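J.: The structure is given below, and queries will be raised subsequently.
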Amino acid sequence: MAGVVVCHASTAVRERLVVTSIGVPTLSPVRAAATVDELLAHARRVPPTVVLLDAHIPAPGAGEAIRRLRAVAPGVAVVLLAQPDDSAALDRALALGARGFLAPDVGRAELSAVAAHVLASPVLPGGQRPVVDVPRPAVPAADAEGGAGVAQEPVKPAVTLTKREIEVLVGMSNGRSNAQIGAELFLSEDTVKTHARRLFRKLGANDRAQAVAIGLRGGLIR
């Protein structure tokens with residue numbers, strides 16, 4: 001298995017995601033597909049490690065695409081391209097084994113963090129893995145009609161991390177394990193885990209990928 005396949009019906013979105021993915025070494029090589037048939041053809045030739053899949057890909061649709069993809073490449077990690085408020089599409093795809101979701105306008109730093117998280121956690125039978133839930137900034141009620149531009153503004157978490165918690169979060173963003181972070185910071189692995197639990201709680205994150213995404217969007221890390 002190798003690389004990523006970006007499968008999206010929109011040419012503009014597909015091309016932007018391909019360019020973004022090319023900047024993430026762990027996702028190389030990068031291939032593109034405009035339809036489910038093209039996606040499956042890629043998977044039959046060389047099964048991808050990760051598939052970024054349009055939640056609203058035309059018939060047979062994302063749900064059927066995941067079913068067919070599983071038959072061709074059982075170990076592939078599928079990450080749905082959808083907005084967090086698209087609950088129907090997300091619930092359906094996650095129930096079928098998608099690893100989680102990203103917004104179609106995901107940036108390279110977020111994609112790198114998610115790739116590190118996905119690649120560090122093999123897919124278990126039935127796709128039973130934690131959701132890679134990358135949150136989007138909330139749009140203030142007064143700006144609800146402001147369009148996508150409003151939603152793209154970085155959100156500042158209303159929390160303060162200690163210097164050590166930020167160092168641990170930086171290590172996570174670089175794909176380091178708890179043991180590797182501990183070695184770099186001259187801390188025990190248990191101490192790193194304690195810092196991780198505290199920063200997860202402060203950020204309201206469920207896992208490393210979500211914590212890194214929140215930290216990047218909020219400017220806590222670069």
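The values are calculated or read from the model by the stated rules, or taken from the named source; none is laboratory data. All figures in this text were calculated on a predicted structure; none of them were measured in a lab. Note that each Cβ is placed from the backbone with ideal geometry, even for glycine, and that neighbours are counted across all protein chains shown. Surface areas here come from the heavy atoms of the whole protein model, side chains and all, with no ligands, DNA or RNA. Shrake-Rupley method; radii C 1.70, N 1.55, O 1.52, S 1.80 Å.
J.: In segment 11-34, what count of residues is obtained for those that are among the hydroxyl-bearing types (Ser, Thr, Tyr) and out of contact with any helix residue (DSSP H, G or I) (no Cβ under 9 Å at 6 or more places or on another chain)?
T.: 1
J.: With respect to ALA9, determine if the residue is open to solvent by 10 Å² or more (accessible area, probe 1.4 Å), without any contact (Cβ under 8 Å) to a residue 60 or more places away in the chain and over 21 Å from ARG92 (Cβ atoms). Outline the logic, then answer.
T.: Details: open to solvent by 10 Å² or more (accessible area, probe 1.4 Å): yes; without any contact (Cβ under 8 Å) to a residue 60 or more places away in the chain: yes; over 21 Å from ARG92 (Cβ atoms): no.
Against the criterion (open to solvent by 10 Å² or more (accessible area, probe 1.4 Å), without any contact (Cβ under 8 Å) to a residue 60 or more places away in the chain and over 21 Å from ARG92 (Cβ atoms)), ALA9 does not qualify.
J.: Then there's this: Looking at ARG70, is it farther than 20 Å from THR26 by Cβ and of a type in the set (Lys, Arg)? Spell out how you get there, then give the answer.
T.: Working: farther than 20 Å from THR26 by Cβ: yes; of a type in the set (Lys, Arg): yes.
Here the answer is yes, as ARG70 does meet what is asked.
J.: Then there's this: Report yes if some residue within segment 1-12 is more than 18 Å from the chain's Cα centre (by Cα), among the β-branched types (Val, Ile, Thr) and within 16 Å of ALA82 (Cβ to Cβ); otherwise report no. Steps first, please.
T.: Taking segment 1-12 first, the residues more than 18 Å from the chain's Cα centre (by Cα) are 1, 9-12.
Next, only the ones that are among the β-branched types (Val, Ile, Thr) stay: 11.
Next, from what is left, pick out any that are within 16 Å of ALA82 (Cβ to Cβ): none.
Within segment 1-12, not a single residue is more than 18 Å from the chain's Cα centre (by Cα), among the β-branched types (Val, Ile, Thr) and within 16 Å of ALA82 (Cβ to Cβ).
J.: Failed condition for ALA213, given (1) part of a helix (DSSP H, G or I); (2) in contact with a helix residue (DSSP H, G or I) (Cβ under 6 Å, 6 or more places away or on another chain); (3) surrounded by fewer than 18 Cβ atoms within 10 Å (Cβ to Cβ); (4) modelled with pLDDT of 70 or more, with all others met?
T.: Here ALA213 meets the rest and fails (3).
J.: So which residues in segment 18-39 are open to solvent by 10 Å² or more (accessible area, probe 1.4 Å) and among the aliphatic types (A, V, I, L, M)?
T.: VAL18, VAL19, ILE22, VAL30, ALA32, ALA34
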